Structures are given as C-alpha cells and as structure tokens.
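The structure appears right after this line, and notes come after that.
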Amino acid sequence: MENKKQKATMGESIVLLLAIVAEIVICGRAGLNLEIPLFLTWLIIWVFAKIRKFDWSVVEGYLLDGVRAGFQSVMIVGAVGLLIGTWILCGCIPTMIYYGLEIISPKIFLPATLILCSILSTMTGTSYGSAASAGLACMGIGISMGFPPGLIAGAVISGALFGDKMSPFSDTTNLAPAMAGGTLFGHVKSMCYTTLPGWLICLVIFAVVGAQHGASDYDTSTVNEYLGGLAANFNLGPITLLPILLVIVMLLIKVPALPTILCGAVVGAITAMVTQGVSWVDCFNVMKSGFSIDSGILLVDKLLNRGGISSMYNIMMIMTFAMGMGNALDKMGVLMNLVGGLIRKIDSVLKLVGITMIVSYLSGAIGCTMSMAHVVTGKLMAPIYKEEGVDPHVLSRTMEDCGTLGGTLMPWHTNAVYFTGTLGVLYSEYIPWVLLCYIVPILSLIAAATGFAIWYVDPETGKRIPKEQAPINQKKKSAA
C-alpha cells in the first residue's frame, strides 16, 4: 500500500511542475537536446522529495517503475534503427524512392508529392528524414514547375507527418501507446479511423489544386540527377523489397512488433549481402552506426545517410527519462491535482476527447516537442480513460491527432522551425496548406461526438465491453 503522506498538495504540484517546465523550456531554448533536461527532472524530483521529507526509495521506485512499464517501446525504437540501416544498405528504401520519383509529372505533382512523402515517412518512421530527402527534391521540382513554395511544402509536410503518425517504426507511434497504456498495433489500427480519411481528403484537395497549377514543361534535371544517383550506387529491383514484404506479412499475422522489426533488419542484412555484395561485418556496422555514403549528390546523401541503433539513442533516452518522470509525478498525485477540476466536468466521450486535445496542444506548445506532448498528455489522461472505461487506444489516437500534428501549427515549435529551415519556406507560406494538421483533429472530434470508432473497456480487466456498460456512459445516463 502506498504511503498517503507521499502525495503532493495542489500548491506543491503547481510549484514542482513549473520548476520542471521552466528547466525544460530554458534548456530547449538554448538549443540543447531534450534527453539531458528530462534526466535532470529526476534531480528536481529528488530535491522536492527531500524538502517534503518523502521516502526517496519509494519515489525512486516510481521513477524506475515508469521506465520498466514502457521499456518495450524503447527496445522497439532501437530495433527500428537497425532496420532502417539495413534497408538502405540492401537497396530496399532506395528502390522505393526510385519507383516513386518516376511517377511524378506536372498534372499529378501535388498528390504524387503527398504520396511519395507518405510512403517514405511510413517506411522510415521519420517525418524529418522524409522532408529533408524526398521533400526537398519535390520542393525543387515543384518550384521549377511554377508551384507556390508554401503549397508544395504543405503537401510535403502533410505526407511526412502521415508516416510519422502511422508508421510502426516512428518514435511517436511507439511513444503514444506506451504513455496511454495501449499496444502498438492497436494504436495504429485506431488511427486508421481518423488519419486515413483525413489523408484521402488531403489527396483530393491537393489533386484539385494541383490541376489548376500544373505546367506542361519543366526542368527534369533534378529528378534525373536523383534517379541517376540512386541507380549508380545501388542494385535496384524487386528483390530488394523482400524485407518489407516479410515485415508486412509478419504484421498481418500479428507477430509482436519487436521480433518483427528485428527479423526485418536481419533479412535486410541478408538481402544486402546477396544484392549489394557487402559482407556480414558491413551489415553489423550499419546496424550500429547507420548507413553512410558520399555520392556527390546532396539530395541522395541527405536521404541515405541515416539509420543504425546509435541514431536512436537520443529518442530512446528521451522515452526512458520521460516515462520515469511521468510515472513519479503521477504516483505523487501531481498530475491528478492539476486535472482534478477538469475531470469533474467530464460526463461524455466528446468532453473527454476535447479535454485531451486541449492538454495535448498546450503541452506541445510548452515543451516544443512531440515527445513532451505525448508524455504529459498520456500521464495526465491515461488514468481518467481507464476510470471512465474508454479504450486507451482512443487516447493514444487523440494524442497523435494533436500532439504529433499540432507542433507544425506553432511557429516556435521544433517541428515548425525544422520544416521552415529544411524546405526553405516561411511559416506564413506553408501554414494554410498543412491540411492534414487541420482535418484529422476535426475528424477526431466528429468521431467522439458520434461514437464512431470509440471503444469501451472494463476498468478492472481491460476487456472490451458494450457501450452501455462503460462508467462514462452510466454517469451520463444517471445525470439524465
């Protein structure tokens, strides 16, 4: 039984959280990586515990329990680093990009850009990598066709963020269900109900707008240079796609994520030895340090120089320290103190989802990263969803609909800063065209209002139950 004396008061909760937020924001503004500020929050919690005379062994247990609870997700992220490296080495990712670039023409340029960036970000799990590689190439191609830079950037960012949400290789796709108490595949399935329709709406809009801007002739040198660089450095072809086919099959038959991704990495290494003529030692080096090439073509190098478990160290540490911090704040009652007033007003799924969205946007605006939005929102709202009998995958989906997509709407957020700098556009130019960031949250609210794709679970067993048996709906019925 937990010691009730080791619970923070409302005033103490506010002071502690302000100290943590201030430390993270100051470090973030100074350009420091997030993992160190998050680790130092453990020191802030220790100081608080000493002042309040809490038993540090108990508080330390909260921190470590949080790490243990989400460590599977940390391992999955590390496995993704291995997979990306070997999939580039074997030619799997280069082949997909090669085929994708070949379909681009002026009439279908904008929808093709959306599709290409979506495919790349889904395969690699990174919106940043997609924007810096295929996205950057599409910017050059589109500008040469006469498309407005902000319009092109909108298609690039929407496609890049689609994969960041939906890819099982994405750090946010793993972090969100870990914070919400769900599973990776359950989370991806849940997002299909809001993100896929939102993406299709974007596709139609970009197709219509793109048809009005299409040009009959343009300079093909950028595409040809990109295609030539890929073909010159890799043996491309269908056989290089075997690793991704294996992963798709394993996912369809519901093999757990970690062994699936590790198998994909190993098969990628074997494929690389067969198709590219590399040694097994080269494969292991790439698994550790990532793929590296100096092709002499900037766009090719930006795309291919990535992967390896070492490239994932930052996000693995961020997840580790954030999960520990969040669990300690939760167990000490800090989070519940802060949302207690909101909880009392929740009497419907619409209000529950709406409050989740507000918390997600605010935490993202304060923390300036997608990771902080998921960590704070998950730890604040997961106990409420459990108590009300709402499936945790509804929470993780809502977190992604706002926390992953919302940063691009805030000019000070790391996402907005990265995209403007990488794509060479102004915030004011792209902000009207990041359609996915507007459409998906609206669909999320519509789902909550109508009950579509809303599932309920028993608070004790976690098993699915009928809508009428959920505590939140019984509460609403009693009030009526």
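The values are calculated or read from the model by the stated rules, or taken from the named source; none is laboratory data. Because the structure is predicted, anything quoted here is derived from the model rather than measured. Cβ: placed from backbone, ideal geometry, glycine included. Neighbour counts: every protein chain shown. When the accessible area is computed, the model is the full protein with side chains, heavy atoms only, and any ligands, DNA or RNA have been set aside. Shrake-Rupley method; radii C 1.70, N 1.55, O 1.52, S 1.80 Å.
Summary of computed values
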item: Extension gain, R52 back to V249 (0.36 nm per residue minus Cα-Cα distance, nm); result: 65.6 nm
item: Degrees, to the nearest 10: 56-89 long Cα axis against longest axis of the chain; result: 10 degrees
item: Accessible area in the full protein assembly, largest first, 1.4 Å probe, for I103, I315; result: I103, I315
item: Span from the the stretch 368-414 Cα centroid across to the the stretch 166-183 one, whole angstrom; result: 11 Å
item: FRET efficiency estimate (nearest 0.05) - Cβ-Cβ, S221 to M10, R0 56 angstrom; result: 0.30
item: Semi-axis lengths (Å, descending) of the ellipsoid that matches the C-alpha gyration tensor of the stretch 13-124; result: 45, 19, 11
item: Tilt relative to the chain, helix 171-180 - C-alpha long axis, 0 to 90 degrees, to 10; result: 20 degrees
item: 1.4 Å probe accessible area per residue over the stretch 27-115, in Å²; result: 42 Å²
item: Heavy-atom accessible area order for T461, T9, largest first, 1.4 Å probe; result: T461, T9
item: Average Cα contact separation per residue, the chain, under 8 Å, 6 or more apart, as relative contact order %; result: 24 percent
item: The stretch 347-432: radius of gyration over Cα atoms, expressed as a fraction of 2.2 N^0.38 Å; result: 1.19
item: Accessible area of the chain belonging to carbon and sulfur atoms, whole % at 1.4 Å probe; result: 67 percent
item: Above-threshold pairs, the threshold being 25 Å between Cα atoms, out of K50/K379; K189/K331; K107/K165; K53/K345; K331/K386; K345/K467; result: K189/K331; K107/K165; K53/K345
item: Surface accessible to a 1.4 Å probe, I239 within the full protein complex, Å²; result: 90 Å²
item: Estimated FRET transfer efficiency (D301, N33; beta-carbon r; R0 30 Å; 0.05); result: 0.85
item: Degrees, to the nearest 10: 109-124 long Cα axis against longest axis of the chain; result: 60 degrees
item: Among C437, S371, T420 - extreme Cα towards positive end, dipole of the stretch 359-467, charges at beta-carbon; result: S371
item: Cα-centre dipole for the chain with unit charges at Cβ (Lys and Arg positive, Asp and Glu negative), debye to 20; result: 1460 debye
item: Compactness of the chain as Cα Rg over 2.2 N^0.38 Å, two decimals; result: 1.00
item: Computed lengthening from S279 to M410, 0.36 nm per intervening residue step minus Cα-Cα distance; result: 42.6 nm
item: For Y456, distant residues with modelled amide H under 5 Å away; result: D391, I465
